[in-house]
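The structure appears right after this line, and notes come after that.
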């Protein structure tokens, strides 16, 4: 992830330095063509393909259930189904990380958004808490 950020930062700095070339007009009022190294186009194409390949980002979720032991998988599935019935349309994720089954909800980009939803959940899930996690990217048209 850091390599992508470093690449993106370097690309932005490079493009900012060359932004003077964009939008210039020649003496006849026509837009001037830009001559650049083909490797710049290759870097931009690589950056675009890396961004399209990413399907997750750092964000926050709310953990509403975590348990290990006998029947923990069934209890986690029950918690999953109950949450889904009570809060339709909210992303819900059941996972296993030895030895615990966990149920986490939401795809929040900021802690503040997660905190707002946590306030609503405390009535039904008093032990719920916010956790940093990889979240799904918002859907775009």
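Would you please list the contacts, defined by Cβ atoms under 6 Å and residues six or more apart or on different chains, that run from a residue in the range 36-53 that is touching a residue at least 40 places away in the same chain (Cβ under 8 Å) and at positive phi to a residue that is part of a helix (DSSP H, G or I) and surrounded by 11 or more Cβ atoms within 10 Å (Cβ to Cβ)?
none
Of the conditions (1) in a helix (DSSP H, G or I); (2) at pLDDT below 95; (3) surrounded by 10 or more Cβ atoms within 10 Å (Cβ to Cβ), residue 39 satisfies every one except a single condition; which number is it?
Single failed check for residue 39: (3).
Counting residues that are touching a helix residue (DSSP H, G or I) at 6+ places or on another chain (Cβ under 7 Å) and within 12 Å of residue 63 (Cα to Cα), which strands (runs of 3 or more DSSP E) fully inside the range 83-141 reach at least 3?
Counting at least 3 such residues, we get 100-108.
Within the range 5-17, is there a residue that is touching a helix residue (DSSP H, G or I) at 6+ places or on another chain (Cβ under 9 Å), in a loop (DSSP other than H, G, I, E, B), surrounded by 10 or more Cβ atoms within 10 Å (Cβ to Cβ) and at pLDDT below 80?
No: zero hits.
The values are calculated or read from the model by the stated rules, or taken from the named source; none is laboratory data. If you're wondering where the values come from, they're calculated on a predicted model, not measured in any experiment. Quick reminder, even Gly has a Cβ in these numbers, built from the backbone with ideal geometry, and neighbours come from all protein chains shown.
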